[in-house]
Amino acid sequence: LPAETGFNPDWRDSGQSDSGRSGGGGRGGRGGGGTGVGSIKPSFESEEDNRKIHELVAEVTHPPGAMTIAQTATTVTLSDAEGYNRAFYITGKEQTIQLKAGPIGVVTTWNGAQLVIRYLVDKNRELRVTLSRAADAKRLVMTSQFAVKGRGQVIKRVYE
């Protein structure tokens, strides 16, 4: 795994420019305003949101050694020997599932032969998990992406 796995900080422009500052005209003739660049500040998360993010990152960085997948016409259930058991409704609509850290929105869809599960962390951040069969049809490929505004770090795992 990469040394740093997870979401990058969500830096946001405060919309305030320092160009309105007045400079000191004094000796040397230096005066003048600021750079006109906005002030960048981090967006802060609630403690519950922070716990949810840490839980999702831990699921990606410490995956189960074996997984059971059960499928019906409307759901896919993922479970392992450690008690992880989650049912995803394949509707393309948001559902709420329960993490240990609290509830989180999830959207699950089929994209061709790939199952795509999107954990909706906040407005611009989501964990996208894609499950598909490898070309030899004997292995399962699980791709996880920590997406910020649609782009981000991707981790790929292959299960025999």
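The values are calculated or read from the model by the stated rules, or taken from the named source; none is laboratory data. Every value quoted in this text rests on a predicted model; they were computed, and no experiment measured them. Ideal geometry is used to build each Cβ from the backbone, glycine not excepted, and the neighbour counts take in all protein chains shown. Surface areas here come from the heavy atoms of the whole protein model, side chains and all, with no ligands, DNA or RNA. Shrake-Rupley method; radii C 1.70, N 1.55, O 1.52, S 1.80 Å.
Just one of the listed residues (ILE155, ILE117, ILE90) is modelled with pLDDT of 95 or more, of a type in the set (A, V, I, L, M, F, W, C) and either within 21 Å of THR61 (Cα to Cα) or within 19 Å of the chain's Cα centre (by Cα) (or both), namely ILE117. You will find that of LYS138, LYS100, the residue that is in contact with a helix residue (DSSP H, G or I) (Cβ under 8 Å, 6 or more places away or on another chain) and among the basic types (Lys, Arg) is LYS100 and no other.
A single member of ILE69, ILE104, ILE97 is in contact with a strand residue (DSSP E or B) (Cβ under 8 Å, 6 or more places away or on another chain), part of a strand (DSSP E or B), of a type outside the set (Lys, Arg) and open to solvent by 30 Å² or more (accessible area, probe 1.4 Å), and it is ILE69.
When VAL129, VAL154 are checked against the criterion of being among the aliphatic types (A, V, I, L, M), under 25 Å from ASP49 (Cβ atoms) and open to solvent by 30 Å² or more (accessible area, probe 1.4 Å), VAL154 stands alone in meeting it. All of (1) within 16 Å of ALA58 (Cα to Cα); (2) open to solvent by 40 Å² or more (accessible area, probe 1.4 Å) hold for GLY112 with one exception: (1).
Yes/no matrix, rows are residues, columns are (1) of a type in the set (D, E, K, R); (2) in contact (Cβ under 8 Å) with a residue 24 or more places away in the chain:
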{"residue": "LEU99", "(1), (2)": "no, yes"}
{"residue": "GLY102", "(1), (2)": "no, yes"}
{"residue": "GLY105", "(1), (2)": "no, no"}
{"residue": "GLY112", "(1), (2)": "no, no"}
{"residue": "THR130", "(1), (2)": "no, no"}
{"residue": "ALA134", "(1), (2)": "no, yes"}
{"residue": "ARG151", "(1), (2)": "yes, no"}
{"residue": "VAL158", "(1), (2)": "no, yes"}
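Consider the stretch 72-87 and keep the residues that are over 16 Å from ALA113 (Cα atoms) and not in a loop (DSSP other than H, G, I, E, B). The one that is most open to solvent (accessible area, probe 1.4 Å) is ASN85.
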